[in-house]
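*Asks:* I have a structure I would like to understand better, so I am pasting it below and will then ask my questions one at a time.
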Amino acid sequence: MRLPPVFNGDRPPFFYYINSMNVAINFSNPFVLIFLIGSVLSFAINQFLEFIDYKARVKNGGNLPSELAEIPLAKETFDEKKLAEICKYENAKYFAWIPKSICSLILNLALVVFGFYPFVFNLICLWTGFPSSIGNSFFCFLLFTIVASVPGEILGIPFELYREFNLEKRFGFSKMTVKLWITDQLKNLAVSFILSCLLTIVASVFFVKCPDSWWFILAALLIAFTFIMQVVYPKFIAPLFNKFEPLPEGEVKDKIMGLLDKTGFKNGGLFQMDASKRSGHSNAYFTGFGKSKRIVLFDTLINQMSADELEAVLGHELGHFKLKHIAKKLIFTIPLEFVLLFGLYKLSQFTSLYTGFGFNSVTVENVGQVQFIGLFLALTLYESISEIISPVANIFSRKDEYAADAFSAKVCGTSENLITGLIKLNSENLSELYPPKLYVFWNYSHPTLIERINALNSVDL
């Protein structure tokens, strides 16, 4: 097969190049079949799970589960009006998700079936002179990454606008203004672009200089990047979007400081975040490591809970640290990172991966020059089947959540405060109370409210 002009070192006129491109997709190619079957199967699984969850709400959504009916606060909080509001909110999210999921599937399939990616790649090669000019590999890699993501980003905009300015506002959550939304998008774009450029520069160098070992170096760099971001994000990126102020003196701070002293937890500060300027949803999180560890409370959470309940919620988060959940995940994920990158590297060596998706100019001789395309295609394959393996991670995550709940109950001397705090969280965020077990098994990284309460009631204090 004769190589296209770019791979022969020629740069023909634009119209000739367009006419000479061959981006036919090989539907009998095993990699293409995996992508197509995986995409459709993942779509079907999600549709089925969301449908049975919807049917369960229709059947049981207006009823308070018996486990909660025995708790005075739950019985008072989840009255008929609140139960109806939860169902309406969850149903609204479901009906908004259906067209988004269908459009996403159609777009993902269309981009592959109609050869969008090889088309873009060939045009970029024409413009940059890659690979006849290897020095332009960075620009080719960066441009391809950016352009390949544009269709998905464009598709997501109307759904994001509907979610933010219709759905979330309808239920009293969104406080977002159009000006603030645009500002956030521009900041996100700038941060993403800078980080993408840095990673692309590094990756493109190793793709060229270390064609057989880039997977090992890239895995090590990604792990290092993750740790660096734990320090950089809270100090430099998060403040671009929100204001972080030291937690004011008072009962809440006294309770939390007492808890930190009791558990011997060293931190870089307690902060209150102005989440309420964007949303009524509430949360709390830990970020950083070492001396840079921070505890951040949403101002919405502080307004919704008592000092004892906030202490219990933070006790849960502390449990993840004290029980070594994060360290254990790192022990597992760091080797896994190397294994995954090695697998992606091996996939990128198969010329049939390229030719199946329409990159017909790739041969055994030049595959080393375009491994970033192989990495992109391998990741595309993984994403098409990732939904099928997602329950595995959720099983371990739910187990850790139970353990962190138990830690909170023990360190606070009672499970009552965490139970009432969880009830308030569930109520304020309009989270459903009784999802189907299969839906929980597949999608939930946390146990349901009822499961957590039952487990807390059995903790031996």
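The values are calculated or read from the model by the stated rules, or taken from the named source; none is laboratory data. It should be emphasised that the depicted structure is a prediction, and the values quoted were computed from it without experimental measurement. Heads up, the Cβs are rebuilt from the backbone with ideal geometry, glycines too, and the neighbour counts pull from every protein chain shown. Just so you know, the surface numbers come from the protein's heavy atoms only, side chains and all, with ligands and any DNA or RNA stripped out. Shrake-Rupley method; radii C 1.70, N 1.55, O 1.52, S 1.80 Å.
*Asks:* Based on DSSP H assignment, which helices of the chain show an axial Cα extent of at least 27 Å together with a mean Kyte-Doolittle hydropathy greater than or equal to -0.5?
*Replies:* Long hydrophobic helices here: 30-60, 80-113, 137-162, 178-209, 325-348, 371-412.
*Asks:* Sort out for me the Cα centre separation of the stretch 219-262 from the stretch 107-176, rounded to whole Å.
*Replies:* Computed from Cα coordinates, the inter-centre distance equals 31 Å.
*Asks:* Just the number, please: percent antiparallel of the DSSP beta bridges in the chain, rounded to the nearest 5.
*Replies:* 65
*Asks:* On each of the three principal axes of the Cα atoms of the stretch 340-461, give max minus min coordinate, whole Å, ordered largest first.
*Replies:* 67, 27, 22
*Asks:* With every protein chain present, what is the per residue accessible area of the chain (1.4 Å probe, Å²)?
*Replies:* That works out to 50 Å² for each residue.
*Asks:* Which semi-axis lengths, in whole Å and largest first, follow from the square roots of five times the eigenvalues of the Cα gyration tensor of the stretch 232-313?
*Replies:* Equivalent-ellipsoid dimensions as semi-axes: 19, 18, 9 Å.
*Asks:* Just the Cα atoms of the chain, one point each, no solvent: what log10 I(q)/I(0) does Debye give at q = 0.08, 0.11 Å⁻¹?
*Replies:* Treating every Cα as an identical point scatterer, log10 I(q)/I(0) equals -0.59, -1.07.
*Asks:* Give the carbon-plus-sulfur fraction of the accessible surface of the chain in %, rounded to a whole number; probe 1.4 Å, heavy atoms of protein chains only.
*Replies:* Answer for the chain: carbon and sulfur cover 65 percent of the accessible area.
*Asks:* I'd like the GluC sites (Glu not before Pro) in the stretch 138-210 restricted to DSSP loop residues with at most 12 other Cβ atoms within 10 Å, sorted by number.
*Replies:* Of the GluC sites (Glu not before Pro), not one in the loops of the stretch 138-210 has a Cβ with at most 12 other Cβ atoms within 10 Å.
*Asks:* Which values, in whole Å and largest first, are the semi-axes of the equivalent ellipsoid of the stretch 150-265 obtained as the square root of 5 times each eigenvalue of the Cα gyration tensor?
*Replies:* Taking √(5λ) for each Cα gyration eigenvalue gives 34, 28, 12 Å.
*Asks:* Here's another thing I want to ask about it. Per DSSP H run of at least 4 residues, take -39500 (n - 2.57); add these up for the chain, divide by its residues and hand me the 222 nm value, nearest 500 deg cm²/dmol.
*Replies:* -22500 deg cm²/dmol
*Asks:* Additional query: Ignoring ligands, DNA and RNA, how do TRP97, TRP214, TRP181 rank by accessible area with a 1.4 Å probe, largest first?
*Replies:* Result of the area sort, largest leading: TRP97, TRP181, TRP214.
*Asks:* I've got another one for you. Please list log₁₀ I(q)/I(0) at q = 0.20, 0.22 Å⁻¹ for the stretch 67-151, using the Debye equation with identical point scatterers on the alpha-carbon positions.
*Replies:* Evaluating at q = 0.20, 0.22 Å⁻¹ gives log10 I(q)/I(0) of -0.93, -1.00.
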